[in-house]
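S.K.: Quick one: this structure, given as structure tokens, is what I'll be asking you about.
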Amino acid sequence: MKSISLILSSILFLIHFSLTHAAGGKWQLLQQSVGISAMHMQLLRNDRVVMFDRTDFGKSNLPLPNGECVRNDCTAHSAEYDVKTNTVRPLSLLTDVWCSSGAVAPNGRLIQTGGNGDGERNVRVFEPCTGCDWKEFENALGARRWYATDHILPNGRQIIIGGRREFNYEFYPKTGSSSKVYSLPFLVQTDDAGEENNLYPFVFLNVDGNLFIFANNRAILFDYAKNNVVKTYPQIPGGDPRCYPSTGSAVLLPLKNLAAPSVEAEVLVCGGAPKGSFVKANQGTFVEALNTCARININNPKPQWVMETMPQARVMGDMLLLPDGTVLLINGASSGTAGWEIGRNPVLNPVVYRPDNAIGSRFEQQNPTTIPRMYHSTAILLRDGRVLVGGSNPHEKYEFTNVLFPTELRLEAFSPDYLDAKYNNLRPQIVAPISQAKINYGKKLSIQFSVKGNLATKSVSVSMVAPSFNTHSFSMNQRLLVLEAENVKKVGTTAYQVQVTTPASGNLAPSGYYLLYVVHQKIPSAAIWVQIL
């Protein structure tokens, strides 16, 4: 019997191994302390990352320069991280940005909206320029925006949806014809008594120009111009909530075949917590998080959710689109929910999800970090293909001792396996155009690049990635478009040229700055910045 048991255990191990594959990726500690808890992060076109927490945390570990003080606090609650030099510069905030939202405008400025208390209706603008700081505009919003979601629209303006006890949306900047606040009954319908579970809704611009809005456990396709629900999607099987505080995450999977008459768009929602978990966690019972993902083709005439099982349960995880077309699941816990002190059992292993693989072989577990990243942790993609990881503070103030999970000021980088030195001969290097190039819609674009080893011409593509505003396990405005190689040719000893067609409209790629990568045999180059106009 013992030998049979051993054989069965071996079979189960092999099955598990085949589902998760081998671990990969590397971790690097960048900063022992950036001085603040990186609760919100956004990469800007100058390769600097703006991060901030909240102004009522108490004093941070990052002094404001020249002895400056804001309301008797001489410490910073926002910082600019320079990726190239690995240095941090303190920034000034006048009002509270706790649990706010944001998006990058087509001109590259970060437009940050809302917050808590004195900041709940304010807008702050950050210009990516040397020595610049926040500019604040009081009462620029029509409603309180706390736990809201922003999205850039095809015309370059942004829509701001929801927030605590705000079942509505508005636009920014304001115009004479769109200065109002518009009701959104869907947010009332998805509000769970005592838990909410519909804050920070997952919002994606569909290829038809409408918005896919997911809250709690279901979604609608919404015509924001006419304030009209175009389509109602079925509830996720099981009915468990996926939005804050039962915090899962979501991505719009890479958009491909952009010249096709109908471009397929799929949304993937992963993790979360069973219904009732928030209430139970506040009573001291920490329910195991959800270990499922749900995937749906949002333009299918009869869309249905397809369920998949992750290697580990995860709540408060982040999902990032990587330039090779995969999805990274990172950060979070395996029990409890978002909120003060109520997450347990940190998940230290990231997971790569390969959307083009068959069901059952899509998840690949990665090497673990040593730093728990719980409530208020963040992650964003950098131009060199690494993932910047920071934050984690499950406490109302900065707490560093005598707590289960101390406030986390360290900053890390996770390098996916495609950055391993063994792929250096396959890795493209973009030669032209130079970074900050301007491109237009629906035009031919030639990209010159070099490769040290042999080039597989049929394994070349180009990825355009919109850098996201990341907070509370959701990356707002995140988007990846795959531009197919139409003509790859050799133009030198190790030099090549690929021609692609840029996205046809703002419905596919809203105007603004993108990271553009050349990908060869699933190994991406470092990106250049392009601005599509």
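The values are calculated or read from the model by the stated rules, or taken from the named source; none is laboratory data. Keep in mind it's a predicted model, so treat the numbers as computed, not measured. Heads up, the Cβs are rebuilt from the backbone with ideal geometry, glycines too, and the neighbour counts pull from every protein chain shown. Note: accessible area is taken over every heavy atom of the protein model, side chains too, but ligands, DNA and RNA are not part of it. Shrake-Rupley method; radii C 1.70, N 1.55, O 1.52, S 1.80 Å.
S.K.: Grab the strands (runs of 3 or more DSSP E) fully contained in segment 110-181, keeping just those with 2 or more residues being buried (at least 19 other Cβ atoms within 10 Å of the Cβ) and within 24 Å of the chain's Cα centre (by Cα).
M.R.: Fully inside segment 110-181 and qualifying: 110-113, 123-126, 149-152, 158-161, 168-172.
S.K.: Given the conditions (1) among the β-branched types (V, I, T); (2) in contact (Cβ under 8 Å) with a residue 12 or more places away in the chain; (3) surrounded by fewer than 18 Cβ atoms within 10 Å (Cβ to Cβ), which single one is not true for V519?
M.R.: Here V519 clears every test but (3).
S.K.: For segment 48-82, give me the residue count where each residue is farther than 19 Å from K397 by Cβ, under 24 Å from the mean Cα position of the chain (by Cα) and either buried (at least 17 other Cβ atoms within 10 Å of the Cβ) or among the polar types (S, T, N, Q) (or both).
M.R.: Residues in segment 48-82 being farther than 19 Å from K397 by Cβ, under 24 Å from the mean Cα position of the chain (by Cα) and either buried (at least 17 other Cβ atoms within 10 Å of the Cβ) or among the polar types (S, T, N, Q) (or both): 5 in total.
S.K.: Looking at (1) of a type in the set (S, T, N, Q); (2) closer than 26 Å to L480 by Cα; (3) open to solvent by less than 10 Å² (accessible area, probe 1.4 Å), which one does N197 not meet, given that it meets all the others?
M.R.: (2)
S.K.: I'd like to check which strands (runs of 3 or more DSSP E) are fully inside segment 194-264 and have at least 2 residues that are under 24 Å from A466 (Cα atoms), assigned by the TED database to the domain that holds A333 and touching a Pro at 6+ places or on another chain (Cβ under 6 Å).
M.R.: In segment 194-264, the matching strands (runs of 3 or more DSSP E) lie at 211-215.
S.K.: What are the residues in segment 314-325 that are open to solvent by less than 10 Å² (accessible area, probe 1.4 Å) and out of contact with any Cys (no Cβ under 9 Å at 6 or more places or on another chain), if any?
M.R.: The answer is V315, M316, D318, L320, L321, L322, P323.
S.K.: Specify which of the listed residues (A504, A509) is hydrophobic (A, V, I, L, M, F, W, C), outside any strand (DSSP E or B), in contact (Cβ under 8 Å) with a residue 12 or more places away in the chain and under 30 Å from L199 (Cβ atoms).
M.R.: On inspection, the qualifying residue turns out to be A509.
S.K.: In this structure, does H40 turn out to be modelled with pLDDT of 95 or more and surrounded by 10 or more Cβ atoms within 10 Å (Cβ to Cβ)?
M.R.: yes
S.K.: If you scan segment 267-298, which residues turn out to be under 16 Å from V251 (Cβ atoms) and either of a type in the set (V, I, T) or open to solvent by 40 Å² or more (accessible area, probe 1.4 Å) (or both)?
M.R.: Result: V267, V269, T292, I296, I298.
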